[in-house]
């Protein structure tokens, strides 16, 4: 084929020096036609070749396991012994009859709400501050992003110490202002708050940067018009900034739904046993899935939980979608 | 398979709500501005409220609030070092320490003796580097095909790629574990590396970027000149992809460095990555918080150093991905 310099010639837009073979004489015809055919194949099939790695890998490590999960869930299936009898929906019935399952569902939803709602509010406020014409802009932006590079396992270890029941910094600060120590590792809501704090710590700055980018895309004449109408800064923020952020808010909520409902690292590391508390106070669905599959060696039950969690994520995704549609259509009507 | 906490970068899908702002400006800002947000020209900035005169900056309250936010994000890391530099009795004393103690190196030595720390560090470096390089290469290849080559089915295939980003594939862990067991990869690094070799997010990211980064005429010219497809890719697309590829590398690196769920399941205690080693450390020494937090500090330092040098790219990557349709 052509020399590398050919590509450089092409890059500078020179088309004069085409390959000699292209306008060759009859004597060289067979070779030309081979080259033509090869080049036609190249042009036709190369794109498929280039995109194939993703599709092959996704089929093997993404799609197949996901679908096969349903098959495993319909069988007795042991971690070591492997596939057993076909049991139909027995695994689902068993899981749905467990108190632990419903507790894990409650915990998952509770931690999710505690970590997503305050996070969005805080991220928008931080973005608003970052949107000022700051000195050393990059420094402030990098500063809020630092927690993102800390692994959730380390975050969980640090916060589990800060939220220590006996010697934790949070409790001793509460006591100095006259509030009783909280059983962060024994209570239900306190443990959810502590875990949600870890999630918020890691992701608020990241989301603030997303909102910041969206704020900078708001056309500035909207603010000018609002200012002429006599709107103060707070009013402008509520009536101009927030409505223009709505698609971004929805985006952030949807992505945090997919990740947040599968939360594992933080609750796993909140104490050393990793089972979500003595009474399952903070056992999430993924933690429950892990316990069934790898502690109790029951892949059938674990797969049933995976399927149920999948359905939950889809359901919440649909709810998100419907709410979004409703909001945007009511916007249009106004 | 990637981190449980993986969040795709903020790309608002095309099928977004009707109220989405139509932003005609291309998603990556001006072409060639490698550090995007950081290098945004000053005149581009919108002045909030329109009331401040030119050059008037925000008041000290804004700086004060931001400083508080940043102190809040640094404090847990500082605390980790603080406790990690004292001995195990520090937490049971009457008052908390205000300054670091002199025990960090001793604690670090115990951490290294308790868990295979160096091995875990090497493993984390290997896993993160290999996946990041691979994701960048295969995503650029596929992104180039989607952005610049015409082929039957391109549009629906791209929609499929985007749709897979919303699928919680992590829920397939049970069969994936069985696949790895069948391959004899339990406890081996390739069990963590292979599932992450190319990602839907990467393909989409590079498609978006290459669409506007390479003029069509350039590819036509190369084709007319008889360049093979792969040569055109190598000499035209790959150089043009550099700024976006650098960001994709960083995001993939951080993602794999911080990943815990899948490595925890599939890697054994003999051959962990850093987060898995931290879990072992916690299991062995839960009561000795100074040791555990020394380990947490040690596992965080490498990425903090990386962040000092590349944080600017991460910031602009997040921001450039955010505003687009």
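Things to note:
- The condition (being within 24 Å of residue B:126 (Cβ to Cβ), part of a helix (DSSP H, G or I) and free of Cβ contacts under 8 Å to residues at least 40 places away in the same chain) is satisfied by just one residue among B:313, B:279: B:279.
- Filter result (facing chain A (nearest Cβ under 10 Å) and not in a helix (DSSP H, G or I)) within the range B:252-271: B:259, B:260
- Applying the condition of being surrounded by 20 or more Cβ atoms within 10 Å (Cβ to Cβ) and under 18 Å from residue A:48 (Cα atoms) to the range B:209-226 and asking which residue is modelled with the lowest pLDDT yields B:219.
- Filter pass, residue A:223 being over 18 Å from residue A:134 (Cβ atoms) and within 9 Å of another protein chain (Cβ to nearest Cβ): no
- Leading residue by the ranking (surrounded by the most Cβ atoms within 10 Å (Cβ to Cβ)) among those in the range A:176-196 that are modelled with pLDDT of 95 or more and within 13 Å of chain B (Cβ to nearest Cβ): A:195
- Selection count where residues are surrounded by 24 or more Cβ atoms within 10 Å (Cβ to Cβ) and facing chain B (nearest Cβ under 7 Å), scope the range A:265-279: 2
- Selection from the range B:167-194 of residues that are surrounded by fewer than 24 Cβ atoms within 10 Å (Cβ to Cβ), touching a residue at least 24 places away in the same chain (Cβ under 8 Å) and facing another protein chain (nearest Cβ under 7 Å): B:169
- Criterion (free of Cβ contacts under 8 Å to residues at least 24 places away in the same chain, within 11 Å of chain B (Cβ to nearest Cβ) and either within 17 Å of the chain's Cα centre (by Cα) or buried (at least 24 other Cβ atoms within 10 Å of the Cβ) (or both)) met by exactly one of A:144, A:199, A:155, A:149: A:149
- Taking each residue of the range A:315-334 that is in the same structural domain as residue A:249 (by TED's automatic domain parsing) and looking for partners that are surrounded by 10 or more Cβ atoms within 10 Å (Cβ to Cβ) and at pLDDT 75 or above with beta-carbon atoms closer than 6 Å, six or more apart or interchain, yields A:316/A:257; A:320/A:254; A:324/A:250.
- Qualifying residue in the range A:73-86 (condition: outside any strand (DSSP E or B), more than 10 Å from chain B (Cβ to nearest Cβ), under 12 Å from residue A:303 (Cβ atoms) and in contact with a helix residue (DSSP H, G or I) (Cβ under 9 Å, 6 or more places away or on another chain)): yes
- Test: residue in the range B:280-288 that is surrounded by 23 or more Cβ atoms within 10 Å (Cβ to Cβ) and modelled with pLDDT under 95: yes
- Selection from the range A:75-95 of residues that are surrounded by 14 or more Cβ atoms within 10 Å (Cβ to Cβ) and without any contact (Cβ under 8 Å) to a residue 40 or more places away in the chain: A:83, A:90
- Residues that are under 18 Å from the mean Cα position of the chain (by Cα) and either farther than 20 Å from residue A:292 by Cα or in a helix (DSSP H, G or I) (or both) are absent from the range A:92-104.
- Flag not set for residue B:299, criterion: over 21 Å from residue A:272 (Cβ atoms) and in contact with a helix residue (DSSP H, G or I) (Cβ under 8 Å, 6 or more places away or on another chain).
- Answer from B:198, B:161, B:203 - the residue that is in contact (Cβ under 8 Å) with a residue 24 or more places away in the chain, within 11 Å of chain A (Cβ to nearest Cβ) and not in a helix (DSSP H, G or I): B:198
- When A:204, A:248 are checked against the criterion of being in contact (Cβ under 8 Å) with a residue 24 or more places away in the chain, more than 22 Å from residue A:325 (Cα to Cα), assigned by TED's automatic domain parsing to the domain that holds residue A:107 and crowded, with 24+ Cβ neighbours inside 10 Å, a single residue qualifies: A:204.
- Top-ranked residue in the range B:212-244 [being within 28 Å of the chain's Cα centre (by Cα) and not in a helix (DSSP H, G or I); ranked as farthest from the other protein chains (Cβ to nearest Cβ)]: B:241
The values are calculated or read from the model by the stated rules, or taken from the named source; none is laboratory data. Please read these numbers as outputs of a predicted model, since none were measured by experiment. As a convention, Cβ positions derive from the backbone with ideal geometry for all residues, glycine included, and neighbour counts pool all protein chains shown.
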